[in-house]
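The values are calculated or read from the model by the stated rules, or taken from the named source; none is laboratory data. On a predicted model such as this, the values are computed, not experimentally measured, just so you know. Neighbour counts are summed over all protein chains in view; Cβ atoms, including those assigned to glycine, are modelled from backbone coordinates with ideal geometry.
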Amino acid sequence: MIAISRSKPGVIWLHLALLALANLIWAAQGTAVKFLDPHMGPIAITFLPFYVTTLLMVPLLVRMRRRAEPGKSALTARDWGSFALAGVGGQVLAQLGMTWGISKSLASNGAIMNLLIPAISAVLASMMLREKLTALRCVAFAAGLAGVLLLSADDIRKTSFLDSKLVAGNLMILGGCVGSSFYNVYCKGLLRRFHEVEVLIFSYITASLASLPLLIWVEPFAWSVFRSFDPKAWAAFAFLALLMYGVSMLAFFYVLQFLDVTIASLSLYLVPVFGTLLAVAALGERLGPYAISGAVIVVVSSLLIFKYDSAT
C-alpha cells in the first residue's frame, strides 16, 4: 500500500478529488430514485441500471484483458468464487437491504444508519486486512460523526428505531450497511491481484446473475414501463447506470488501491454534506447554523486525516 505522505500533495489532492466526486454522485442517488419511483418498483430501480452498467463495461473488460501482459492466466473457479462472494455478499445484500429496508422503515432511519458504514468498514478492515485503528483515525471518525449528526438534526428527530412495526425494515437496512462495508473491504483485498475494472465488473456479473430471479418472481418486470418514462425519468436512469454504478465506483476503487479502507470510508461522511448542498442548490432550502457547523467539521476532519495520516 502507498502511504499518504506530506511530500506528495498532488497525489493527496487527486485522491481527495476522486473521493469527493464519488460521494457527490452517491449523494444524488436519492433524487434519481424519486424520479423513477412512479414508474418502477424498488427492485427494478435498483438492478436494471445495474445491469446496464455491467453490459456497457463488459466490452471494456474484454479489451483490457486482451491487452494484458502475456501469460496472464484465465480466471480459476476460486477466482469466480471470490467475485461471487463480493457480488452476492456485498452488492446484492447492500442494494436489497437498503431498498427493501427503507420501504419497510423510514427514510430518516436509513439516512442515520448509513452513518454506521465507515465504522463497520473500519472494524472489518482491521479484522480482514489487518489495518490499524490509530488514535488519529479514531479522532477523525468521532469528529466526522459529530459533524454529520449536527448536519442530520432533522433526520434524527424523525427517526424511530424502536417502533416494533419498523424492526424488520431497520434490520434490513443494517444488513445493507454490512453488505456495503463488506464489499469495499473484500474488494480491497481483490485489488491486490486484479485491476479495479476487473474487480468491479466481475463482481457485478455475479451480482446481476444472483439478482435476476428477483425480477422474475418477486417483482416481475414488464418492458412496457419504459413507455411511461418522461425526460426526468430517463435522465435519472442514465445517471444511475453511468455515474452511480459506473464512474463513482471506478473512482472509489482507484483510490482504494492506494489508501486503507478505513481512510477511504471516512469520506462517506461527505455524502450527507453534498446531499444538503444539493438540496440548497436544487430546492432552495436554507442551511441553519447547526448544519453549517456540521458541514465544516466533516470537511475539516476529512482534510486533516488525509494530510496527516501516515499509517501503513
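Out of all the residues in segment 107-118, is one or more over 20 Å from V148 (Cβ atoms) and either buried (at least 18 other Cβ atoms within 10 Å of the Cβ) or within 20 Å of the chain's Cα centre (by Cα) (or both)?
The first filter runs over segment 107-118 and keeps only residues over 20 Å from V148 (Cβ atoms), leaving none.
Among the residues of segment 107-118, not one is over 20 Å from V148 (Cβ atoms) and either buried (at least 18 other Cβ atoms within 10 Å of the Cβ) or within 20 Å of the chain's Cα centre (by Cα) (or both), which makes the answer no.
Looking only at segment 131-142, count how many residues are over 14 Å from F306 (Cα atoms), at pLDDT below 90 and either surrounded by 14 or more Cβ atoms within 10 Å (Cβ to Cβ) or of a type in the set (D, E, K, R) (or both).
2
Where in segment 29-116 are there helices (runs of 4 or more DSSP H), lying wholly inside it, with at least 2 residues that are of a type in the set (S, T, Y)?
Details: elements: 29-36, 42-66, 77-86, 93-104, 107-113.
Helices (runs of 4 or more DSSP H) meeting the threshold: 42-66, 93-104.
Taking F194 and the conditions (1) outside any helix (DSSP H, G or I); (2) surrounded by fewer than 16 Cβ atoms within 10 Å (Cβ to Cβ); (3) at pLDDT 90 or above; (4) not acidic (D, E), which numbered condition does it fall short on, given that it satisfies the others?
So the condition that F194 fails would be (2).
Can you tell me which residues in segment 197-224 are charged (D, E, K, R) and either outside any helix (DSSP H, G or I) or touching a Phe, Trp or Tyr at 6+ places or on another chain (Cβ under 7 Å) (or both)?
If we filter segment 197-224 for residues that are charged (D, E, K, R), which is where we start, we get 198, 219.
Scanning segment 197-224 gives a single hit, E219.
Pick out the one residue from S203, S152, S181 that is touching a Ser or Thr at 6+ places or on another chain (Cβ under 8 Å) and surrounded by 17 or more Cβ atoms within 10 Å (Cβ to Cβ).
That would be S181, the only listed residue that is touching a Ser or Thr at 6+ places or on another chain (Cβ under 8 Å) and surrounded by 17 or more Cβ atoms within 10 Å (Cβ to Cβ).
(1) surrounded by fewer than 17 Cβ atoms within 10 Å (Cβ to Cβ); (2) more than 30 Å from Y269 (Cβ to Cβ); (3) in contact (Cβ under 8 Å) with a residue 24 or more places away in the chain; (4) not charged (D, E, K, R): which one isn't true of L215, the others all being true?
(1)
Residues checked against (1) in contact (Cβ under 8 Å) with a residue 24 or more places away in the chain; (2) within 12 Å of the chain's Cα centre (by Cα); (3) outside any helix (DSSP H, G or I):
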position	(1), (2), (3)
M249	yes, yes, no
L259	yes, no, yes
T262	yes, no, no
L268	yes, yes, no
F274	yes, no, no
A281	no, no, no
I292	no, no, no
A295	yes, no, no
V298	yes, no, no
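Of the numbered conditions (1) surrounded by fewer than 14 Cβ atoms within 10 Å (Cβ to Cβ); (2) at pLDDT 85 or above, A22 satisfies every one except a single condition; which is it?
(1)
Please tell me if L243 is surrounded by 15 or more Cβ atoms within 10 Å (Cβ to Cβ), out of contact with any helix residue (DSSP H, G or I) (no Cβ under 6 Å at 6 or more places or on another chain) and of a type outside the set (F, W, Y).
Considered against the rule, which asks whether it is surrounded by 15 or more Cβ atoms within 10 Å (Cβ to Cβ), out of contact with any helix residue (DSSP H, G or I) (no Cβ under 6 Å at 6 or more places or on another chain) and of a type outside the set (F, W, Y), L243 comes out as no.
Residues of segment 93-132 being touching a Pro at 6+ places or on another chain (Cβ under 6 Å) and small (G, A, S), which ones? Even if it seems obvious, please write down each step before you answer.
Let us first name the residues in segment 93-132 that are touching a Pro at 6+ places or on another chain (Cβ under 6 Å), namely 99, 103.
Within segment 93-132, just S103 meets the criteria.
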